[in-house]
Amino acid sequence: MGENGSILVVNAGSSSLKFSLFRLDAADALQLAVRGQIDGIGTMPRLKAKDVAGKTLVERDLSLEEAREVKDAIGLAGAWLREQFPGEQLLAVGHRVVHGGADYSQPVRVDEAVFTALEKLTPLAPLHEPHNLAAIRALRETRPELPQVACFDTAFHRSHPQLADLYALPWEYYEAGVRRYGFHGLSYEYIAATLPQAAPEIADGRVIVAHLGSGASLCALRAGQSVDSTMGFSPLDGIPMGTRPGAIDPGVLLYLVGQRGMTPAALEKLLYKESGMLGLSGVSNDMRQLLESPEPRARLAVDYFVHYVAKEVGALAAVLGGLDGLVFTAGVGENSPVIRARILQACAWLGVTLDPDANQRGDARITAPDSAVSAWVIPTNEELMIARHTYRCVIAV
């Protein structure tokens, strides 16, 4: 394909746009060239980007007029990339799309029919899907000839057995799409693809992957296939997160609406923006700040997080019929020895024996050689996963 061909990966949110450029080398292998983001879209926009070695290439404030919406940010990112890499041949764009519904179990090249179908999924992920689609729409308007690929956070979990996807509601709701989808699938797919090289002794076994970041979930893998996960119909379910509560009794929601008069919009704000570690602690949604804080409620929030992660590890181990390995990934999972140690100590009954020194160093394997269940730290790379999918959909056909 030539050394100048490249794939752009886009992850558009409500107030940020993350982008990565991957070049195809002479052997058509994907090599990261630059990673950047525009934060504060619509409020205080700022462009930042670094090269593959971590060197800062740009860091500057933008005017509100320059980046009021996602489509503006797409234009700015594109203009900066053209300036930084003149003559670069952009071959395709891959997008992270949070929800693929029941129909999309694989990445798909976006045409008019696919785009229309994805728009209909917006009610399933109202805080994510519109922004994912806004980036696709902006590029369709400005670069209609450029192939675009939608890569879904739900797709990897379509291998679930039906039992794992059901809610105990009348069947008509399942047929209408009310089911457990699972999320963070691009991260889990990357880890599953990496296990044969990173941890070959567990790659074909029973593994729980803990994607622990501001958004957090767990996934049970059997021989690299997703069989169950903690997130369900929406990214609100499962373990507690930075600003999301995780699993919650539906009766609480009925009470908030019926007795406290909370509107759907207020309830949405509460569940997505004001709960989780932030709501419990009253201090922060950032695990680093919570671990450093002397506030009792900050300590309580950390205790709560560890308790529920360990609880869900036990549940998924039961689904798998035992456990061979546990993998930590994402921001907290990759970078917090304290949280990893506390979770593994709570899971000691499963046969996990921590190696404290290996854990503190952040080694790939952080359990003792004689540990019946091994634990690992494996960095995730959702952007590379999207680039690979885009390559396969558009270029390697």
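Numbers at a glance
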{"read-out": "Qualifying residue in the range 302-318 (condition: of a type in the set (Ser, Thr, Tyr) and touching a Lys or Arg at 6+ places or on another chain (Cβ under 9 Å))", "value": "no"}
{"read-out": "Test: residue in the range 128-149 that is of a type in the set (Gly, Ala, Ser), surrounded by 16 or more Cβ atoms within 10 Å (Cβ to Cβ) and within 27 Å of PRO250 (Cα to Cα)", "value": "no"}
{"read-out": "Residue within the range 264-272 that is part of a loop (DSSP other than H, G, I, E, B), in contact with a helix residue (DSSP H, G or I) (Cβ under 7 Å, 6 or more places away or on another chain) and modelled with pLDDT of 95 or more present", "value": "no"}
{"read-out": "Residue match in the range 149-158 (condition: of a type in the set (S, T, N, Q) and either part of a helix (DSSP H, G or I) or over 28 Å from GLY321 (Cβ atoms) (or both))", "value": "no"}
{"read-out": "Matching option when the condition is of a type in the set (A, V, I, L, M, F, W, C) and under 23 Å from VAL394 (Cβ atoms), among LEU30, LEU76", "value": "LEU30"}
{"read-out": "Residues of the range 165-219 that turn out to be part of a helix (DSSP H, G or I), open to solvent by 10 Å² or more (accessible area, probe 1.4 Å), of a type in the set (A, V, I, L, M, F, W, C) and closer than 30 Å to ASN285 by Cα, as a count", "value": "1"}
{"read-out": "Residue match in the range 288-307 (condition: under 24 Å from ALA125 (Cα atoms), open to solvent by 10 Å² or more (accessible area, probe 1.4 Å) and not small (Gly, Ala, Ser))", "value": "no"}
{"read-out": "Hey, GLY279 part of a helix (DSSP H, G or I) and exposed (fewer than 14 other Cβ atoms within 10 Å of the Cβ) or not", "value": "no"}
{"read-out": "Lone qualifier among GLY246, GLY322, GLY251 - being open to solvent by less than 50 Å² (accessible area, probe 1.4 Å), modelled with pLDDT of 95 or more, closer than 15 Å to GLY213 by Cα and not in a strand (DSSP E or B)", "value": "GLY246"}
{"read-out": "Pairs with Cβ under 7 Å, 6+ apart, first in the range 146-157 and within 12 Å of ILE395 (Cα to Cα) and touching a residue at least 60 places away in the same chain (Cβ under 8 Å), second open to solvent by 10 Å² or more (accessible area, probe 1.4 Å) and outside any strand (DSSP E or B)", "value": "PRO147/VAL394; VAL149/PRO107; VAL149/VAL110; VAL149/HIS389; VAL149/CYS393; VAL149/VAL394"}
{"read-out": "Residues of the range 348-397 satisfying the condition of being among the polar types (S, T, N, Q) and in a strand (DSSP E or B)", "value": "THR367, SER374"}
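Yes/no matrix, rows are residues, columns are (1) surrounded by fewer than 16 Cβ atoms within 10 Å (Cβ to Cβ); (2) within 19 Å of the chain's Cα centre (by Cα); (3) at pLDDT below 90:
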site	(1), (2), (3)
ARG60	yes, no, no
SER63	yes, no, yes
LEU76	no, no, no
TRP80	no, no, no
ARG96	no, yes, no
PRO107	no, yes, no
THR116	yes, no, no
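The values are calculated or read from the model by the stated rules, or taken from the named source; none is laboratory data. It should be emphasised that the depicted structure is a prediction, and the values quoted were computed from it without experimental measurement. No Cβ is skipped: glycine too gets one built from the backbone with ideal geometry, and neighbour counts run over all protein chains shown. Heavy atoms of the whole protein, side chains included, go into the accessibility calculation; ligands, DNA and RNA do not. Shrake-Rupley method; radii C 1.70, N 1.55, O 1.52, S 1.80 Å.
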